[in-house]
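Everything on this sheet refers to the single structure shown next.
The values are calculated or read from the model by the stated rules, or taken from the named source; none is laboratory data. Source: prediction; values computed, not measured. We place every Cβ from the backbone using ideal geometry, glycine too, and count neighbours over all the protein chains shown. Side chains are part of the model used for accessible areas, which takes the heavy atoms of the whole protein and leaves out ligands, DNA and RNA. Shrake-Rupley method; radii C 1.70, N 1.55, O 1.52, S 1.80 Å.
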Amino acid sequence: MSETTPPLPRSSLLKIPTQQRAVDTVHLILDAGIRVLESEGVAGFTTNRVADVAGVSPGSLYQYFTNKEMIVSGIVERGVRSTEQQIRGVSLNAVDIPPRVLLRQVCLSVLVQLEPYRVLLSEILAATPVLSGTGVAAILETRIGDVFRAYLTANSERYRVRGGPAALYVAINGAIYVVLKWLSERPAFISREALVDALVTQLDVLLIAS
């Protein structure tokens with residue numbers, strides 16, 4: 001995969017394409033899904049409409065996506081995986097990185113990656129409700145949780161989570177809810193920087209030196 005090619009979603013696909021033409025088809029479908037949601041909303045968002053805008057047959061679409069909810073899931077997952085690529089190398093390769101630095105990079109990367117979808121967010125959440133197993137929150141929880149667990153494993157002799165796995169679960173899901181709420185409402189009195197500062201402060205208290 002080239003540096004300019006976005007990562008493929010994984011959990012949202014029926015099968016993972018290996019040929020470049022098939023990879024391009026998946027990205028065409030996802031890009032078309034974004035355009036349909038932006039221009040026509042959930043009411044006009046159907047698999048046939050997405051296939052038409054993508055310039056592929058419905059049969060080609062169904063090779064990779066079960067339904068329209070999975071297309072939405074793929075749109076979100078692709079964006080989150082782009083963020084994950086940026087921060088995973090830091091968490092795995094820079095063992096000495098302070099927790100607050102990692103937390104800031106994760107929070108800022110997620111916000112920057114999702115901000116282009118801000119206008120779409122209400123449509124995305126309507127198409128795949130927040131508690132859906134293939135929704136935005138579930139994808140973010142899996143990907144962000146993986147990054148933190150990898151960091152904690154690499155730094156197991158230095159840090160541990162105050163309160164254990166349950167506390168980490170609550171903290172990650174609480175942060176995801178706040179991020180989605182901020183993106184959908186975009187309150188003028190809370191800047192992105194201020195939100196990141198607040199999230200880092202809340203998450204940092206969970207990590208204590210072993």
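Any residue in the stretch 76-84 that is crowded, with 19+ Cβ neighbours inside 10 Å, modelled with pLDDT of 80 or more and touching a Cys at 6+ places or on another chain (Cβ under 9 Å)? For the stretch 76-84, residues crowded, with 19+ Cβ neighbours inside 10 Å, modelled with pLDDT of 80 or more and touching a Cys at 6+ places or on another chain (Cβ under 9 Å): absent.
Residue 20 fulfils the conditions (1) open to solvent by 70 Å² or more (accessible area, probe 1.4 Å); (2) closer than 22 Å to residue 138 by Cβ; (3) of a type outside the set (A, V, I, L, M, F, W, C) except for a single criterion, (2). I'd like the residue in the stretch 156-172 that is over 24 Å from the mean Cα position of the chain (by Cα) and more than 13 Å from residue 205 (Cα to Cα) and, out of all such residues, is surrounded by the fewest Cβ atoms within 10 Å (Cβ to Cβ). Ranking the qualifying residues of the stretch 156-172, first place goes to 157.
I'm trying to understand the selection: among the residues of the stretch 1-17, which are among the hydrophobic types (A, V, I, L, M, F, W, C) and either surrounded by fewer than 19 Cβ atoms within 10 Å (Cβ to Cβ) or in a helix (DSSP H, G or I) (or both)?
From the stretch 1-17, those among the hydrophobic types (A, V, I, L, M, F, W, C) are 1, 8, 13-14, 16; that's our starting set.
Those that are among the hydrophobic types (A, V, I, L, M, F, W, C) and either surrounded by fewer than 19 Cβ atoms within 10 Å (Cβ to Cβ) or in a helix (DSSP H, G or I) (or both): 1, 13, 14, 16.
Candidates in the stretch 175-200 are the residues that are over 16 Å from residue 103 (Cβ atoms) and of a type in the set (Gly, Ala, Ser); of these, the one that is surrounded by the most Cβ atoms within 10 Å (Cβ to Cβ) is 184.
For the stretch 36-75, the set of residues classified as modelled with pLDDT of 95 or more, crowded, with 19+ Cβ neighbours inside 10 Å, out of contact with any Gly (no Cβ under 7 Å at 6 or more places or on another chain) and assigned to a loop (DSSP other than H, G, I, E, B) consists of 64 only.
Considering the stretch 89-104, and only residues there that are modelled with pLDDT of 80 or more and open to solvent by 70 Å² or more (accessible area, probe 1.4 Å), the residue that is nearest to residue 155 (Cα to Cα) turns out to be 100.
Residues checked against (1) within 21 Å of residue 85 (Cβ to Cβ); (2) among the charged types (D, E, K, R):
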site: 149; (1), (2): yes, yes
site: 157; (1), (2): no, yes
site: 167; (1), (2): no, no
site: 176; (1), (2): yes, no
site: 182; (1), (2): no, no
site: 188; (1), (2): no, no
site: 193; (1), (2): no, yes
